[in-house]
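Structure first, commentary second.
Bear in mind these aren't lab numbers, they're just calculated from the coordinates by the rules spelled out. None of the values given here were measured: they were computed from a predicted structure. For neighbour counting, all protein chains shown are included, and Cβ atoms are generated from backbone atoms with ideal geometry for every residue, glycine included.
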Amino acid sequence: MGKIKEVAKIIQSAHYVVALTGAGISAESGIPTFRGKQGLWQKYDPLEYAHIDAFLKNPAKVWRMLKELENIMYKVKPNPAHFVLAKMEKVGYLHAIITQNVDNLHQIAGSQHVIEFHGNAMRLRCLSCGKVYDKDTISFEEVPYCFCGGLLKPDVVFFGEAIPKEALIKAQMVIDACDVLLVIGTSAEVAPANYLPFEAKNHGAKIIEINIEPTHLTYQITDIFLKGKAGRILQELAIALAL
Ligand code: NAD
Ligand code: ZN
């Protein structure tokens, strides 16, 4: 039996299927991944730009970079991989997505149960009073401020920051519940998201990994590795699932 067909069968007979997604699922939408040759972070050192201490020290510098990335981050559209996951949820083959991405593309594609592990770049949050703003409602020159006078930060988890408690609890719940985990387009290098596949495996969930290249998970815990671009593999899976 082809691997894709085998995966389709596993999904069809599963009780609770969860997807953990990373930057790779949005690569085909045109957003560069963290690592790899095209990596954004060859140009912008994360410690200089995506660390909370760097932001607090020089918010204008980080906001300048974000404005420069505006075209990459905010004008992109979901790709077939996002749409297939949304469709799988609709018909009951997928129960939750835990995403490390902050690009909002799962939500735009129509997925309902999305746990934003690293926040969402479409929102800004006040560092003083916690008020949350829709990004498009804020215009500013150098640095955006809240009505309370507090500094506004993209509502994403910077290096050096904790995962939002609610996301952590929800992710834990769906990982505990799952009997199949699809790990899609993540290098699984970033903690604590990279513990989730191990926790799923520990309680007996099947780990199905989709990536253009093997990761450290592939050799340690992956049951079935589907090598290739997420868009193509998920479209093939959709056909095998008769979606
Ligand atoms: P990563 O960059 O560390 O790894 C990306 C993975 O995707 C790699 O394993 C790569 O082989 C794989 N990949 C690349 N293109 C692919 C494709 N077309 N199909 C399938 N797989 C593909 O990303 P990560 O593991 O998500 O960790 C990076 C961190 O950076 C995350 O915390 C995330 O929040 C953040 N990030 C987010 C975005 C976004 O929101 N789109 C983009 C870059 C980084
Ligand atoms: Zn405020």
Order of 134, 103 - criterion: other Cβ atoms within 10 Å of each residue's Cβ, fewest first: 134, 103
Sorted by Cβ density within 10 Å, fewest first, the residues 106, 203, 113: 203, 113, 106
The stretch 56-116: relative contact order as a whole-number percent, Cα under 8 Å and 6+ apart: 33 percent
Pairs of Cα atoms farther than 16 Å apart, the stretch 1-92, %: 68 percent
The chain: relative contact order in percent, alpha carbon pairs under 8 Å with at least 6 residues between: 25 percent
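Quick one: compute a quarter of the convex hull surface over the Cα atoms of the chain and quote it in nm².
12.8 nm²
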Contact order relative to length of the stretch 117-222, as percent, for alpha carbon pairs under 8 angstrom and 6 or more apart: 22 percent
Entries in 87/170; 9/87; 9/227; 77/131; 77/135; 5/229 that, when Cα-Cα distance is taken, lie over 20 Å: 87/170; 77/131
0 to 90° range, to nearest 10: angle between helix 80-90 axis and the chain longest Cα axis: 70 degrees
Gaussian network model of the chain, Cα within-10 Å springs - most flexible of 75, 153, 87: 75
